[in-house]
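S.K.: First, the structure itself, so that you have it in front of you.
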Amino acid sequence: MKKLFLGNEAVARGLYEAGCRVVSSYPGTPSTEVTEFAATYDEIFSEWAPNEKVAMEVAFGASVAGARSFCAMKHVGLNVAADPLFTASYTGVNAGMVILVADDPGMHSSQNEQDSRHYAMGSKTMMLEPSDSAECLEYTKKAFELSEKFDTPVIIRLTTRVAHSRSVAPVEERVDNGLKAYEKNAQKYVMVPANAKKKHVVVEQRILDQIAYCENGADGLNTVEYNSKKIGVITSGICYQYAKEALGENASYLKLGCVYPLPVDMIKNFAAECETVYVIEELDDYIETHCRKYGVNVIGKDAFTLQGEYSQSLIAKVILGKDAEFMKADVNIVPRPPVLCAGCPHRGLFYALKQLNVTVSGDIGCYTLGFSQPLGMIDTVLCMGASVSALHGRNAADPENAKKSVAVIGDSTFIHSGVTGLINIAYNATDSVVIILDNSITGMTGHQQNPTTGKNIKGEPANAVSLEALAKAVGIQNVIVVDPYNLAETKEGIKQALEADGPAVVISRRPCALLKTVKHNPPLKVNADKCKSCKMCMKIGCPAISMKDGKAQIDFTQCLGCNVCSQLCKFGAIE
Amino acid sequence: MNKSIMIVGVGGQGTLLASRILGAALLDCGYDVKVSEVHGMSQRGGSVVTYVRWGEKVASPIIEKGEADIILAFEQLEAARWLEYLKPDGKIIVNTQQMDPMPVVMGAAEYPEGVIDAIRAAGADVETLDALPMAVEAGTAKAVNVVLIGAMAKNMADVDKEVWLKALRESVPAKFLDLNLKAFEMGYNN
């Protein structure tokens, strides 16, 4: 039966069909669903790891043990896992090992727009890039074969539009060749200088072998399609689809399914056949630079942008000079930025922080939205875990700061890389106050379990890290737990932590309001007779509250009865 | 010739389910189909858009300005926001429900008056319906998306009603099927 596969779902199907046995990942948009779908196959041991570095090392260990293995992450996750990546490239694999990295051009849900292709080049690791769901499935299977053929991990690079688009993909049966025998081999697996020097020679030869393979089309991964030769397009991934849509048969295409290493002669020969050659690639001038290195004259970032997503109309405009016709409504289109959901437990916490007028070192998660107005209570956001370590840095530079500043970090992010920063606070002794926003789930990426939730990826009971015990074990004696639905208690708890000597951890504990297991109160209503139109209830920025005809009004379709707004109403008008 | 539908709304309104049902129905009719979705940060009460494209062979999964044959808007302001994406001879179906964006909640901006009139004045073929009370009548406010799927189905001559019902049956949990079928009919017969 034909079925529309999400790109990420097709990768998971590819894992299944390729006989993959171990999958370990940390969630991150737009890569998350690969591992969620993989976990639906009983034949695959799947897990959420505490972070991407752990996940990649698990995949490495499984490969050495003889199982085809896999890990997935978003682009910034590969920064975390870069350490094992660069050396796994030297050791190579036993059974096939595949790494998926999902870039986010346009930053739909990311803090930067980095281009992961540089990691393939930097770590000298083969990288494939599919352009639709059928290729997601096919390239995943291919990646395992290539991993074993060339004795290397293989990276699959997706971008958001491939990961989160649905298209048809044909399926086949699973082929599982069982565990490959492990043979002790220190020269291969123990990367001390003497062994690594020899392995580097192997890696460089491997790249030459891979280039030769790519020159010959890489078994159909690199393809040439000649139509009109007036325009030649060298491209890969989703940009191939955009170019086809915009230019159709008015252009010829060199589609690169393998983006590292890149062929040389194949590109030269294609360029020689075409009058004007464009390189169409989102983000950096990666393919373009390669072309120029070998003297191939192409038009790339001189005409196209380094920023954001491309589209068929962008390509039509740049190459054909075509402008789209469209209509426009003559009204003030008010922006609609993302907000904390109605009933979100983070709202009460941020309101308490606002009342305390503190500086807030922020982190990555739904609660990053606490930066936006009317709460406006986050001062910095850098990367996973940085809230804790950066707060320590601020307090080291300015000890007075410690009494009027806090870090906020979610439960999953804390386990990912906040705990190391907390150990640093305890060890190097600043009076820092770290607030762990424990909503019992990894929220932003769509509700994944983590080591604090007491459940594994399949929802089965699992060990739960006690945040209180962990904080105490690393040397934080002052641990305070508050319920962020209770504004007075939350404010008082944080105040105590700030005033006490020594570092403190405040755990703001309340499950995500969107969790299916969470029971809600009936929606609240505003008693219009009691409402004095003071707008106090609007100060928390709840999307369910609005002013209609001069009185506050609560949208019954959104309100979850959290009662945070009613604690602000001095007139008891919210019932 | 390929065709395109954009489904636009506010994160949490159920636009993803609508695009999945549409995708399944079109695939069942034998078309090549591509659907592009928004996940993650953009879903948290922000403006969201999903693209559905179909035809003999579809390359790009996204829709650009002036390219959509139909826009299905779950909310008025979102209809105005995405109107630029409608083909000059396209049709826009608008749920007249209003949801205040944060600048309006904060009092920094006013929700614009006369949105539907402005869309009509821009030259668009507009159909409106008030889907929220219909969904409530069908059994739950959450079924707004299914009422709107019904309204979209009525405007798509190339897909039989039976195909829609089959796609709906395969996409919603069995215990909510009757409620959703009722919601669909209300949108379809609107």
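The values are calculated or read from the model by the stated rules, or taken from the named source; none is laboratory data. For clarity, every value in this text was computed on a predicted model and none was experimentally measured. All Cβ positions, glycine included, derive from the backbone under ideal geometry; neighbour counts span all protein chains shown. Calculation scope for accessible area: heavy atoms of the full protein, side chains included, ligands and nucleic acids excluded. Shrake-Rupley method; radii C 1.70, N 1.55, O 1.52, S 1.80 Å.
S.K.: In region A:121-192, which strands (runs of 3 or more DSSP E) lie fully inside it and hold 3 or more residues that are of a type in the set (Gly, Ala, Ser) and either within 23 Å of A:ALA38 (Cα to Cα) or open to solvent by 20 Å² or more (accessible area, probe 1.4 Å) (or both)?
M.R.: none
S.K.: Is there any pair with a first residue in region A:515-540 that is touching a residue at least 60 places away in the same chain (Cβ under 8 Å) and a second that is assigned to a helix (DSSP H, G or I) and open to solvent by less than 100 Å² (accessible area, probe 1.4 Å) whose Cβ atoms are under 8 Å apart and which are 6 or more apart or on different chains, and what are they?
M.R.: A:MET538/B:VAL105; A:LYS539/A:TYR351; A:ILE540/A:ARG347; A:ILE540/A:GLY348; A:ILE540/A:TYR351; A:ILE540/A:CYS565
S.K.: For region A:319-340, which positions are more than 24 Å from B:ALA118 (Cα to Cα) and open to solvent by less than 50 Å² (accessible area, probe 1.4 Å)?
M.R.: A:ILE319, A:PRO338, A:VAL339, A:LEU340 - these are the residues of region A:319-340 that are more than 24 Å from B:ALA118 (Cα to Cα) and open to solvent by less than 50 Å² (accessible area, probe 1.4 Å).
S.K.: State all residues of region B:86-110 that are open to solvent by 20 Å² or more (accessible area, probe 1.4 Å), under 19 Å from B:VAL8 (Cα atoms) and within 7 Å of chain A (Cβ to nearest Cβ); if no residue qualifies, say none.
M.R.: If the condition is that a residue be open to solvent by 20 Å² or more (accessible area, probe 1.4 Å), under 19 Å from B:VAL8 (Cα atoms) and within 7 Å of chain A (Cβ to nearest Cβ), then B:PRO88, B:ASP100 are the ones that fit.
S.K.: Tell me which residues, restricted to region A:19-43, are crowded, with 24+ Cβ neighbours inside 10 Å and away from every other protein chain (no Cβ under 12 Å).
M.R.: A:CYS20, A:VAL23, A:SER24, A:SER25, A:TYR26, A:VAL34, A:THR35, A:ALA38
S.K.: Considering region A:507-528 alone, what residues qualify as being surrounded by 17 or more Cβ atoms within 10 Å (Cβ to Cβ) and part of a loop (DSSP other than H, G, I, E, B)?
M.R.: Selection gives A:ARG510, A:CYS512, A:ALA513, A:LEU514, A:LEU524.
S.K.: Also, I was wondering about something else. Within region A:543-575, work out how many residues are hydroxyl-bearing (Ser, Thr, Tyr) and at pLDDT below 90.
M.R.: 1
S.K.: Regarding region A:91-99, can at least one residue be identified that is open to solvent by less than 10 Å² (accessible area, probe 1.4 Å), β-branched (Val, Ile, Thr), under 23 Å from A:HIS164 (Cβ atoms) and not in a helix (DSSP H, G or I)?
M.R.: Yes - at least one qualifying residue is present in region A:91-99.
S.K.: Which of the following residues is touching a helix residue (DSSP H, G or I) at 6+ places or on another chain (Cβ under 8 Å), at pLDDT 95 or above and within 14 Å of chain B (Cβ to nearest Cβ): A:SER69, A:SER167, A:SER123, A:SER110?
M.R.: Exactly one residue qualifies, and that residue is A:SER167.
S.K.: List pairs: first in region B:120-131 and within 22 Å of B:VAL146 (Cα to Cα), second open to solvent by less than 60 Å² (accessible area, probe 1.4 Å) and part of a loop (DSSP other than H, G, I, E, B), Cβ under 6 Å, 6+ apart or cross-chain?
M.R.: So the pair list comes out as B:THR128/B:THR96; B:ASP130/B:THR96.
S.K.: Of all residues in region A:49-79, count the ones that are touching a His at 6+ places or on another chain (Cβ under 8 Å) and in a helix (DSSP H, G or I).
M.R.: Result for region A:49-79: 0.
S.K.: Another question, if that's okay. Kindly indicate the residue of region B:1-59 that is of a type in the set (Asp, Glu) and facing chain A (nearest Cβ under 8 Å) and also most open to solvent (accessible area, probe 1.4 Å) among those meeting that condition.
M.R.: Of everything passing the filter in region B:1-59, B:ASP32 is most open to solvent (accessible area, probe 1.4 Å).
Each row is one residue, and each column tells you yes or no for (1) in contact (Cβ under 8 Å) with a residue 40 or more places away in the chain; (2) of a type outside the set (D, E, K, R); (3) within 25 Å of B:ALA124 (Cα to Cα).
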{"position": "B:LEU27", "(1), (2), (3)": "no, yes, no"}
{"position": "B:ASP32", "(1), (2), (3)": "no, no, no"}
{"position": "B:SER36", "(1), (2), (3)": "no, yes, yes"}
{"position": "B:HIS39", "(1), (2), (3)": "no, yes, no"}
{"position": "B:THR50", "(1), (2), (3)": "yes, yes, yes"}
{"position": "B:TRP54", "(1), (2), (3)": "yes, yes, yes"}
{"position": "B:ALA59", "(1), (2), (3)": "no, yes, no"}
{"position": "B:ILE63", "(1), (2), (3)": "yes, yes, yes"}
{"position": "B:ILE71", "(1), (2), (3)": "yes, yes, yes"}
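S.K.: Consider region A:529-563. How many of its residues are farther than 24 Å from A:ASN486 by Cβ, part of a loop (DSSP other than H, G, I, E, B) and either touching a Cys at 6+ places or on another chain (Cβ under 8 Å) or open to solvent by less than 50 Å² (accessible area, probe 1.4 Å) (or both)?
M.R.: Going through region A:529-563 one residue at a time, the tally reaches 2.
S.K.: Scan region A:565-575 and give yes if some residue there is hydroxyl-bearing (Ser, Thr, Tyr) and more than 14 Å from every other protein chain (Cβ to nearest Cβ), otherwise no.
M.R.: Taking every residue of region A:565-575 in turn, at least one turns out to be hydroxyl-bearing (Ser, Thr, Tyr) and more than 14 Å from every other protein chain (Cβ to nearest Cβ).
S.K.: A follow-up question, please. Could you check region A:254-297 and list, in sequence order, the residues that are of a type in the set (Val, Ile, Thr) and buried (at least 21 other Cβ atoms within 10 Å of the Cβ)?
M.R.: Within region A:254-297, A:VAL259, A:ILE267, A:VAL277, A:VAL279, A:ILE280, A:ILE287 qualify.
S.K.: Inspect all residues belonging to region A:290-304 and state whether any of them is of a type in the set (Ser, Thr, Tyr) and under 20 Å from A:LEU158 (Cα atoms).
M.R.: no
S.K.: Ok, one more. What do you reckon, is A:ASN463 part of a loop (DSSP other than H, G, I, E, B) and more than 25 Å from B:GLN97 (Cα to Cα)?
M.R.: Taking the combined requirement at face value, the residue satisfies it.
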